[in-house]
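Inspection log for the structure reproduced underneath, given as structure tokens.
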There are 2 protein chains.
Amino acid sequence: MGDDAAVLAVPPGQQLAAATDTLVEGVHFPLGTAPSDLGWKALAVNLSDLAAMGATPAWALLNLTLPAADAHFVDGFAEGFTQLARPYRLALVGGDTTRGPLAITVSVFGFVPEGRALTRARAQAGDAVCVTGSLGDAAGALHLPSRDSGQGEREVLMARLNRPEPRIEAGLALRGAASACIDVSDGLMADLGHVARSSGVGIELELDQLPVSTALLQSFGAEQARAWALGGGDDYELAFTVPAAAVSRVLDELARIGCGATCIGRVVKGEGVCVLDGRGEPVQPAHRGWEHFS
Amino acid sequence: MGDDAAVLAVPPGQQLAAATDTLVEGVHFPLGTAPSDLGWKALAVNLSDLAAMGATPAWALLNLTLPAADAHFVDGFAEGFTQLARPYRLALVGGDTTRGPLAITVSVFGFVPEGRALTRARAQAGDAVCVTGSLGDAAGALHLPSRDSGQGEREVLMARLNRPEPRIEAGLALRGAASACIDVSDGLMADLGHVARSSGVGIELELDQLPVSTALLQSFGAEQARAWALGGGDDYELAFTVPAAAVSRVLDELARIGCGATCIGRVVKGEGVCVLDGRGEPVQPAHRGWEHFS
């Protein structure tokens with residue numbers, strides 16, 4: 001930094017993975033979100049993209065647009081950003097600060113050995129479909145009642161909304177094991193739809209297998225929790241496919257690094273993503289309560 | 001593209017130069033700027049940073065924030081962006097489109113042979129200070145009277161504001177020849193101030209040597225033209241220092257590739273940037289009319 005551009009060296013034998021996302025106040029985060037949470041989340045949503053590629057984080061660019069010079073905001077933002085960046089030794093190598101309506105663009109760059117990046121395009125019929133962690137918490141956090149309906153649950157869900165943990169280590173563990181991988185940002189069905197399309201396959205999900213947190217279940221009940229697990233979005237978990245013979249080895253390896261993961265379905269011939277109930281019948285979204293996510 | 005991140009290969013022996021800039025409507029460009037001009041300029045201001053490093057453009061990321069889906073805007077923007085990108089074979093490798101107040105973030109990436117990037121930090125006392133092209137036109141364009149005071153001049157100045165030509169080829173020619181280089185975006189004095197600070201030197205400029213266009217002179221007169229040349233900004237020319245013995249060779253080489261350049265001063269011991277009149281007397285900004293650029 002200090003010159004017109006940063007000059008960076010990619011290690012020999014490594015490719016560069018690049019991802020970028022803009023967050024706009026009132027669109028991607030509520031007014032009044034704590035600056036430190038914003039700093040964390042703006043980086044986290046980008047690192048989640050690197051995780052889905054099986055890349056090791058290296059550098060970031062930060063473009064911060066603020067209505068006015070605001071040291072309180074900048075200090076808080078930097079604190080949250082740095083908390084997440086430091087363990088990865090991620091270097092902020094450039095960016096700018098401009099005046100305007102509050103918005104944040106972060107771009108991240110990571111390394112991946114040549115030809116070993118995870119993609120969305122190699123899922124095959126017969127593969128298992130799995131997902132890390134639990135789903136739907138962030139959507140639940142946005143719908144918490146204003147009165148305190150259980151302080152413990154509120155804290156768990158708000159942390160999942162404001163401080164998502166990008167699954168970097170899981171992405172590295174899945175390199176060479178998963179046939180396809182994507183991060184769950186738009187919602188599980190939408191994101192697995194991208195995998196299905198890119199791979200030219202169909203995907204069947206088991207409604208009863210969707211991993212949801214106790215906090216979400218206790219706050220909203222099973223039906224609403226599953227609806228948000230399927231379509232709520234903002235989860236930043238990894239959804240991936242893996243050959244059936246390798247499933248238990250892969251889940252064991254993820255458990256070893258402290259990352260829970262659950263098999264939630266299978267890759268089939270065909271197209272699209274469908275959800276099956278406990279009897280193997282396709283769920284009719286109109287009867288299950290999540291039609292408003294379409 | 002199509003996965004969570006782009007996967008890119010940097011050629012062996014090359015470093016990566018990275019630059020990024022955000023443009024916000026009403027701050028960096030007037031409301032009503034043509035979308036195609038915006039597409040061009042959002043890329044141009046970033047390529048100008050690569051030019052100042054002596055880097056060859058390779059990739060770009062584009063984050064576009066729009067108040068509403070607007071095919072007319074997107075088509076126009078893409079047209080201007082592509083017009084500038086195509087001759088450089090610049091590949092758009094990622095980005096996003098979000099809803100919000102109109103703003104554009106472009107990040108660009110270029111290659112430079114290991115250790116050969118131009119910087120701001122190696123100007124030495126005795127070096128000549130030079131600048132490509134002419135200065136002040138963009139500032140003049142923002143002050144054109146609404147009535148038509150000369151259609152030819154208006155077109156020249158507006159083109160300089162809306163369609164700046166990044167000095168990529170000049171930057172490549174200066175690699176290994178210039179001791180320091182910067183692009184003129186904030187204004188000549190401010191930007192040479194960065195060079196002086198980074199290099200630990202002072203800079204003296206000759207007021208009479210500042211290159212200004214005929215269009216600017218005819219529209220605003222010499223005094224105002226020079227004021228804008230010193231502080232107007234938005235020029236996207238390269239200001240550089242070069243050892244005195246190499247000046248004529250460097251200027252000849254630039255002329256050969258169709259890029260005019262002018263010697264406008266010298267590097268001296270000391271600090272800061274000062275401007276001398278025709279008698280070698282320091283100009284007092286308060287008496288010369290550009291105090292409002294401080």
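The numbers here are math on the coordinates, done by the rules we state, and not lab data. What you see is a predicted model, and the numbers here were worked out from it, not measured in a lab. Positions of Cβ are generated from backbone atoms using ideal geometry, with glycine treated the same way; all protein chains shown enter the neighbour counts.
A label point on B:ALA246, set 7 Å along the Cα-to-Cβ line, lies at 5.2 nm from each of its counterparts in the other copies, closest listed first. Local charge sum around B:ASP186 (other residues, Cβ-Cβ under 10 Å, Lys/Arg +1, Asp/Glu -1)? Charge balance near B:ASP186 sits at -4. Shape class of chain A from the Cα gyration tensor (axes a ≥ b ≥ c, square roots of the eigenvalues): oblate, since a/c reaches 1.5 or more and a/b does not exceed b/c.
Taking a ≥ b ≥ c as the square roots of the eigenvalues of the alpha-carbon gyration tensor, the range B:53-123 is classed prolate because a/c is 1.5 or more and a/b outweighs b/c. Give me the distance between the Cα centres of the range B:7-47 and the range B:65-89, rounded to whole Å. With the range B:7-47 and the range B:65-89 each reduced to a Cα centre, they are spaced 12 Å.
For chain B, what is the percent of antiparallel DSSP beta bridges, rounded to the nearest 5? Walk me through the numbers on the way to the answer.
Details: 38 of 52 bridges.
Taking every DSSP beta bridge within chain B, about 75 percent pair in antiparallel fashion.
For the range B:97-142, the calculated P(r) over all alpha carbon pairs, in 10 Å bins from 0 to the bin holding the longest distance, is 14, 22, 35, 23, 5, 0 percent. The residues neighbouring A:GLY76, those whose beta-carbon lies less than 13 Å from its own, together hold a net charge of -3 under the Lys/Arg +1, Asp/Glu -1 convention.
Comment: the Cα-to-Cβ extended label point of A:ALA121, at 7 Å, lies 4.1 nm from its counterparts in the other copies, nearest first.
Annotation: amide H-H contacts under 5 Å for B:GLY270 (H modelled 1.01 Å from N, sequence separation of 5 or more, or interchain): B:GLY202.
Mean Kyte-Doolittle of at least 0.0 plus a Cα span of 18 Å or more along the axis: flag which DSSP H helices in chain B meet both, please.
On the way: long enough: B:35-53 (28 Å, 0.51); B:71-85 (20 Å, 0.44); B:214-231 (19 Å, 0.28).
Span-like helices here: B:35-53, B:71-85, B:214-231.
The antiparallel fraction among DSSP beta bridges confined to the protein assembly as shown stands at about 75%. Relative to the other identical copies, B:VAL283 shows label-point distances of 7.2 nm, where the label point lies 7 Å from Cα along the Cβ direction and values run shortest first. What is the Cα centroid distance between the range A:108-157 and the range B:197-274, reported in whole angstrom? Value for the Cα centre distance between the two parts: 54 Å.
Using the Cα atoms of the protein assembly as shown to build a convex hull, what is its mean projected area in square nanometres? Could you put the intermediate results ahead of the total?
Working: hull surface 118.2 nm².
Directional mean of the projected Cα hull area for the protein assembly as shown stands at 29.6 nm².
How far, in nm, would the chain grow between B:ALA9 and B:GLU155 when pulled straight, counting 0.36 nm per residue and subtracting the alpha carbon separation?
Details: separation 146, 0.36 × 146 = 52.56 nm, distance 4.12 nm.
So the extension gain works out to 48.4 nm.
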